[in-house]
Amino acid sequence: MPAEDFSPKEKRFVLVEFPYPSGSGLHIGHAFSFTGGDVYARYQRMQGYNVLFPIGWDAFGLPTENYAIRTGRKPQDVTRENTAAYRRLMQRMGLSFDWDRLVDTSDPAYYRWTQWIFIQLFKNGLAHKQELPINWCPSCKVGLANEEVIDGRCERCGSETTRRRISQWVVRITAYADRLIQGLSQTDFIDKVKAAQIHWIGRSEGAKIRFPVRERTEPLEVFTTRPDTLWGSTFLVVAPEHLLVESLLGDPLIARYAEISRKKSELERSELTRQKDGIFSGLSALHPATGRELPIWISDFVLPGYGTGAIMAVPAHDQRDYEFARQFNLPVVPVIQPAGGWDFDTSAYLGLEGRLINSGPLDSLSPAEAIQAALDWIEQNGAGERAVTYHLRDWIFSRQHYWGEPIPMVYCEEHAWVPVPDDQLPVVLPDVEHYQPTDTGESPLANIPEWVNTTCPLCGKSARRETDTMPNWAGSDWYFLRYTDPHNERALASLDKLRYWLPVDVYVGGDEHNTLHLLYSRFIYQFLHDIGAVPPEIPEPYRKRLSHGVILGADGQRMSKSRGNVVVPEEIIERYGADVLRAYLMFIGPYDATITWNDRAVSGVRRFLERLERFIQRQAGKHARSTPRVIAVVNRLARDVGDDIAAFKFNTVVARLMEAFNEVSAEDQNAANSEIAILLQALAPIAPLTAESGWQKLGLPGSVHETRWPVFDPTLDIEDQLVIAVQVNGKLRGTLAVGRDETEESIRPKAAALESVARQFEKGTLKKVIYVPGRTINFVIQ
Ligand code: ANZ
């Protein structure tokens, strides 16, 4: 349903994660996610809000490319077909998306702005090219960001990854690490999501400490979070990738060790329990406080990309250092003595209770005090300074693949990397015959000389285009902004429209995107905020983030083709209709839970909707008067369903509808169209097709979806009630719910106050009131 820019109504921006249009079609997880968003959006519309509920295609990226290669097709064609199929099914499901605002990340009119954002990052010093060891998937032939490697395997295809060094574009998300933590306070994300973001950023406070190296002029700098243990440091360890090691590679043993390490995944290297290995570098450093000589070792448990890639080992108080020291017979010097004593012959003491010993000026302090005292000592003695590091890494932004946004940069011998000028954007992905990735690590675009060879925008001399493409995060980190102004050719979106629609009120998606996608898109938003591309008064893009659960196959296992437990939404719709699928998905369990598919429960939901349809059929044409019980039930139903939807408690919504329907349709009850209408309104967000057809069968005006949500009337919320007809000169002007024992005196003013009655009073003077107890009150006017 179309949303209206700048409508005077209050806005609601309801966002669901847009899907990859993959070849295997819309899956049940999509259906679950989108139906939840749709129910909420429909309810908000009926509440009178101007609702933006958009959708699009996250069309670039490996899944489509892999599928296209597998089927021998072109990604463009595959994408066109897949998106058409997705759209058809979404429409059949009754999802009320605003199709006029559809975005497609692989559309040049869209990715022009993805490229523009990259250029702004470059111009602001946040993107540069750098040779980096990367995770390499030998099967997909692509470099992967750390986040795309799960347990040492490629997130996409499950193959084991290796390490390679390639020159890559890197985006400095770390420059925003603190902002990304602080900004969370301006959101209503649930604690779990906030915690996931904070954990991923992994802020650590400590110190960088410099140790003079005997054989070198440059000192060796380490990062530690435990400066209090400085006096207990008995050796230093550097990562095999550390600069210091480069000059030592002439030693075949060291070279071999470095080579072996390079093949290991980061996860393997950080494994706490594995046997420690390493090699002595032949170099030694001097302890800045004691002057003691500390051997410098090389070991791959020290990671190159964290801190300084070097550590001071304190075997008495760090378990890994302890095991390393035991393995290579290095000294263990305790510097914290816990009150009960400690047997340092069996393990390290990791606690923070106790007193400092063997630590010169720190002796007898508690570790907490010693941390501060050590920091002061280090700074006063020029041995280093306070420092903060983050586990968050800079964002590797290059993919050696075809199906992505070309990185809009040109390399000129004289000017190095130069961005493509704005008026030449988009840099359109050329149509090629062979787009399979290459073994060389270069993108297939490198094989198209007429595309690669260009001129430098600055000097006009010959230059080469960047042949890497962007990761598919690039298109998905800002897509929600484009929905506000999808056809804008002058900006990614106009500030006015962004100002009207932002922030996103609710963002519904999967748990798996609570960390990275959310972090990347918040980062890009904050960056756009800094350069004035989004409204200054809106610092964060999303108000609320909600993650839905997972639906398992009927056997309680994750759905997968190999297990044969996949439920295909299209088949369910075919068999039962879209409303059954929707209502079932909303009914099976809490929206954020892990739920097992259950065919029997599907039938239960189906029977409910069928009974309801038959009931409406019987009702149509009847002119029944509602019993007070029915009036009270639907009155309460609308309120409770509304509250539940607003809180994303969909499973109770369906339960309430079933319960209320049972009461309304019970034999001893009678329901008038006005009450059935309320029932249908409450049903409309969950089962929009059934609700609408019922509405039409009853001959009610307009569409149920255009009605306003019924307002709860507390005076009707009485079990023991009667509804009396209110007449003026014998003509029915309204109804009034009254208590069974109410007298004429209390009924008369209430009936007279009904708007439709009061209006008649203006036409004459009241002559007489005839009250038939429990039935009618008639005002006679002349
Ligand atoms: C001395 C020390 C003594 C440490 C002690 C710990 C306990 P987080 O909290 O994750 O930031 N470290 C630093 N850089 C490293 C790297 N590149 N690879 C592997 N380990 C590294 O951890 C910080 C601690 O991890 C640092 O503090 C350092 O060991 C180690 F009793 O320094 B510590």
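The values are calculated or read from the model by the stated rules, or taken from the named source; none is laboratory data. In this text the structure is predicted, and so the values were computed from the model without any measurement. Using ideal geometry, Cβ is built from the backbone for each residue, glycine included, and neighbour counts are taken over all protein chains shown.
A compact table of results
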quantity: Selection count where residues are assigned to a strand (DSSP E or B) and within 9 Å of the ligand (Cβ to nearest atom), scope segment 220-237; calculated: 4
quantity: Options 687, 655: the member that is within 37 Å of the chain's Cα centre (by Cα), of a type outside the set (Phe, Trp, Tyr) and closer than 25 Å to residue 91 by Cα; calculated: 687
quantity: Residue match in segment 327-343 (condition: within 11 Å of the ligand (Cβ to nearest atom), part of a helix (DSSP H, G or I) and not aliphatic (A, V, I, L, M)); calculated: no
quantity: Some residue of segment 160-174 being assigned to a helix (DSSP H, G or I) and at pLDDT 90 or above; calculated: yes
quantity: Tally of residues being assigned to a loop (DSSP other than H, G, I, E, B), at pLDDT 95 or above and in contact with a helix residue (DSSP H, G or I) (Cβ under 7 Å, 6 or more places away or on another chain) across segment 390-419; calculated: 3
quantity: Residue check, residue 715 under 17 Å from residue 632 (Cα atoms), touching a residue at least 12 places away in the same chain (Cβ under 8 Å), surrounded by 11 or more Cβ atoms within 10 Å (Cβ to Cβ) and among the β-branched types (Val, Ile, Thr); calculated: yes
quantity: Residue list for segment 1-54, restricted to those being within 28 Å of residue 652 (Cβ to Cβ) and hydroxyl-bearing (Ser, Thr, Tyr); calculated: 33, 35, 40, 43, 49
quantity: Residue under evaluation residue 241, criteria (1) away from the ligand (no atom under 12 Å from the Cβ); (2) crowded, with 20+ Cβ neighbours inside 10 Å, criterion not met; calculated: (1)
quantity: Positions within segment 612-654 being assigned to a helix (DSSP H, G or I), under 26 Å from residue 544 (Cα atoms) and among the small types (Gly, Ala, Ser), in sequence order; calculated: 638, 642, 646
quantity: Qualifying residue in segment 431-451 (condition: outside any strand (DSSP E or B) and at pLDDT 95 or above); calculated: no
quantity: Count of residues meeting criterion [charged (D, E, K, R) and crowded, with 20+ Cβ neighbours inside 10 Å] in segment 148-199; calculated: 1
quantity: Among the candidates 334, 304, residue that is of a type outside the set (Gly, Ala, Ser) and touching a strand residue (DSSP E or B) at 6+ places or on another chain (Cβ under 8 Å); calculated: 304
quantity: Filtered residue count, segment 347-365, keeping only those that are under 45 Å from the mean Cα position of the chain (by Cα), more than 12 Å from the ligand (Cβ to nearest atom) and either modelled with pLDDT under 95 or surrounded by fewer than 16 Cβ atoms within 10 Å (Cβ to Cβ) (or both); calculated: 2
quantity: First in segment 671-699 and free of Cβ contacts under 8 Å to residues at least 24 places away in the same chain, second anywhere and surrounded by 19 or more Cβ atoms within 10 Å (Cβ to Cβ) and in a helix (DSSP H, G or I), Cβ under 7 Å, 6 or more apart; calculated: 691/680; 691/683; 691/704; 692/704; 695/680; 695/704
quantity: Flag for residue 387 being surrounded by 13 or more Cβ atoms within 10 Å (Cβ to Cβ), part of a strand (DSSP E or B) and modelled with pLDDT of 95 or more; calculated: yes
quantity: Identity of the residue in segment 89-135, among the small types (Gly, Ala, Ser) and surrounded by fewer than 18 Cβ atoms within 10 Å (Cβ to Cβ), that ends up farthest from residue 51 (Cα to Cα); calculated: 125
quantity: Which listed residue is over 19 Å from residue 605 (Cα atoms) and in contact with a helix residue (DSSP H, G or I) (Cβ under 7 Å, 6 or more places away or on another chain), from 647, 638, 672; calculated: 638
quantity: Scan of segment 367-384 for residues that are on the phi < 0 side of the Ramachandran plot and either of a type in the set (A, V, I, L, M, F, W, C) or within 15 Å of the ligand (Cβ to nearest atom) (or both), ordered by number; calculated: 367, 368, 370, 371, 373, 374, 375, 377, 378, 383
quantity: Residue that is surrounded by the most Cβ atoms within 10 Å (Cβ to Cβ), among those in segment 1-36 that are in a loop (DSSP other than H, G, I, E, B) and of a type in the set (D, E, K, R); calculated: 17
quantity: Check on residue 196, under 40 Å from the mean Cα position of the chain (by Cα), away from the ligand (no atom under 16 Å from the Cβ) and under 19 Å from residue 393 (Cα atoms); calculated: yes
quantity: Residue in segment 202-219 that is outside any helix (DSSP H, G or I), more than 13 Å from the ligand (Cβ to nearest atom), within 17 Å of residue 389 (Cβ to Cβ) and in the same structural domain as residue 298 (by TED's automatic domain parsing) present; calculated: yes
quantity: Flag for residue 256 being more than 40 Å from the chain's Cα centre (by Cα), basic (Lys, Arg), assigned to a helix (DSSP H, G or I) and more than 30 Å from residue 593 (Cβ to Cβ); calculated: yes
quantity: Qualifying residue in segment 751-765 (condition: surrounded by 12 or more Cβ atoms within 10 Å (Cβ to Cβ), among the polar types (S, T, N, Q) and assigned to a strand (DSSP E or B)); calculated: no
quantity: Selection within segment 74-97 - in contact (Cβ under 8 Å) with a residue 60 or more places away in the chain and assigned to a helix (DSSP H, G or I); calculated: 75, 76, 82, 83, 85, 86, 89, 90, 92
quantity: Within segment 281-318, considering residues that are of a type in the set (S, T, N, Q) and more than 9 Å from the ligand (Cβ to nearest atom), the one surrounded by the fewest Cβ atoms within 10 Å (Cβ to Cβ); calculated: 290
